[in-house]
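The values are calculated or read from the model by the stated rules, or taken from the named source; none is laboratory data. Everything numeric here is computed off the predicted structure, so don't read it as measured data. Here the Cβ positions follow ideal geometry from the backbone for every residue, glycine too, while neighbour counts run over all protein chains shown.
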Amino acid sequence: MKVLLTRPLAQVKTLESLVNNNGHQSLLFPTLEVQAVDAIPQRDQYDAVIFISANAVEYGMKILAEIRYSKIFTVGIATAKKLNSYGITVDDFPKHKPSSEALLALDSVAKLQKKNILIFRGKGGRETLRIGLEKTDNRVEYVEVYDRVICAITLRHKKSLQEFLTTDQGIISVTSNENLDGLIALANQLEGLEQLKTYPLVVLSKRIQDYALSLGFLRVLITPDISDQAIVTVLVNMDTLDN
């Protein structure tokens, strides 16, 4: 089966290897580029800092080194592992499916009250975490350390899409709503969007599934968790999984 992988090139290597090692053929179609953004926090000391993603860790380490903080949280295990790779221990994170809602539900986070909290994230995004934290009178600040921009079309995009559309045994991996927006923009420019919508998508959450269905994709499968292995598991079992 041909699998169209839409992650940024810098982040797709592990998934690409897993797909190929499980007998599928990966085709790279990066829809977004991640670019660093200059950002300066308002304070030099916080009661807690929160990292939204592994990208937030990668692009926020310089700022983290320049501030003081008492507690550090992440929205999930992948982001926690990224901090661990820099020698930083995370105080808490959701142990199951990561999300802002799951983070807010942690006892350690629910106890935060009247604290100064800094959230590391990319430009834009949901307000769920900030709204939830402000309910207990916390003072919440963002430091937006990266931006995701839609890629310019390259020869790689043209070749990958052309090869993908030659088969009806294909599936597309999408990991965020922004990722999906980029796919739509690029495929539309390459005049392949309507055909792409007939292929199944593998996505990481119901939120992405709902968004994809609203845009006209016909079959959208959700992974059991957000790991690369979970994406491959859906590929292997897609004929028997209930979407």
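Just one residue in the set Ala48, Ala54, Ala65, Ala39 is among the hydrophobic types (A, V, I, L, M, F, W, C), out of contact with any Leu (no Cβ under 8 Å at 6 or more places or on another chain) and at pLDDT 95 or above; that residue is Ala65. Please enumerate the residues belonging to the range 34-67 that are hydroxyl-bearing (Ser, Thr, Tyr) and either touching a Ser or Thr at 6+ places or on another chain (Cβ under 8 Å) or on the phi > 0 side of the Ramachandran plot (or both). Matches in the range 34-67: Tyr46, Ser53.
Among the conditions (1) surrounded by fewer than 21 Cβ atoms within 10 Å (Cβ to Cβ); (2) within 19 Å of Lys111 (Cα to Cα); (3) of a type in the set (Ser, Thr, Tyr), the only one that Ser85 does not satisfy is (2).
Take the conditions over 22 Å from Arg7 (Cα atoms) and either in contact with a helix residue (DSSP H, G or I) (Cβ under 7 Å, 6 or more places away or on another chain) or part of a strand (DSSP E or B) (or both) and apply them to Pro94. Does it pass? Judged against the criteria, Pro94 is a match.
Against the definition (surrounded by fewer than 22 Cβ atoms within 10 Å (Cβ to Cβ) and either among the basic types (Lys, Arg) or in contact (Cβ under 8 Å) with a residue 40 or more places away in the chain (or both)), how does Arg43 come out, yes or no? It is true that Arg43 is surrounded by fewer than 22 Cβ atoms within 10 Å (Cβ to Cβ) and either among the basic types (Lys, Arg) or in contact (Cβ under 8 Å) with a residue 40 or more places away in the chain (or both).
Pairs are defined by a Cβ separation below 6 Å, a sequence spacing of at least 6 or placement on different chains, a first member in the range 153-177 that is within 16 Å of Leu218 (Cα to Cα) and in the same structural domain as Gln195 (by TED's automatic domain parsing), and a second member that is hydrophobic (A, V, I, L, M, F, W, C) and surrounded by fewer than 18 Cβ atoms within 10 Å (Cβ to Cβ); the pairs so defined are Gln169/Met1.
Here Gln169 meets each of (1) out of contact with any Leu (no Cβ under 6 Å at 6 or more places or on another chain); (2) crowded, with 16+ Cβ neighbours inside 10 Å; (3) at pLDDT below 95; (4) of a type outside the set (Val, Ile, Thr) with one exception, condition (2). Of the residues in the range 235-242, none is at pLDDT 90 or above and not in a strand (DSSP E or B). In the range 10-32, of all residues being part of a loop (DSSP other than H, G, I, E, B) and not hydroxyl-bearing (Ser, Thr, Tyr), the one that is surrounded by the fewest Cβ atoms within 10 Å (Cβ to Cβ) corresponds to Gly23.
Taking the range 50-77 as the search range and keeping residues that are of a type in the set (A, V, I, L, M) and more than 19 Å from the chain's Cα centre (by Cα), which one is surrounded by the fewest Cβ atoms within 10 Å (Cβ to Cβ)? That would be Ala65.
Residue selection: Lys114 satisfies the criterion of being on the phi > 0 side of the Ramachandran plot, in the same structural domain as Ala48 (by TED's automatic domain parsing) and at pLDDT 95 or above. Selection within the range 145-171: residues that are over 30 Å from Leu64 (Cβ atoms) and of a type in the set (D, E, K, R). The member of this set that is nearest to the chain's Cα centre (by Cα) is Arg156.
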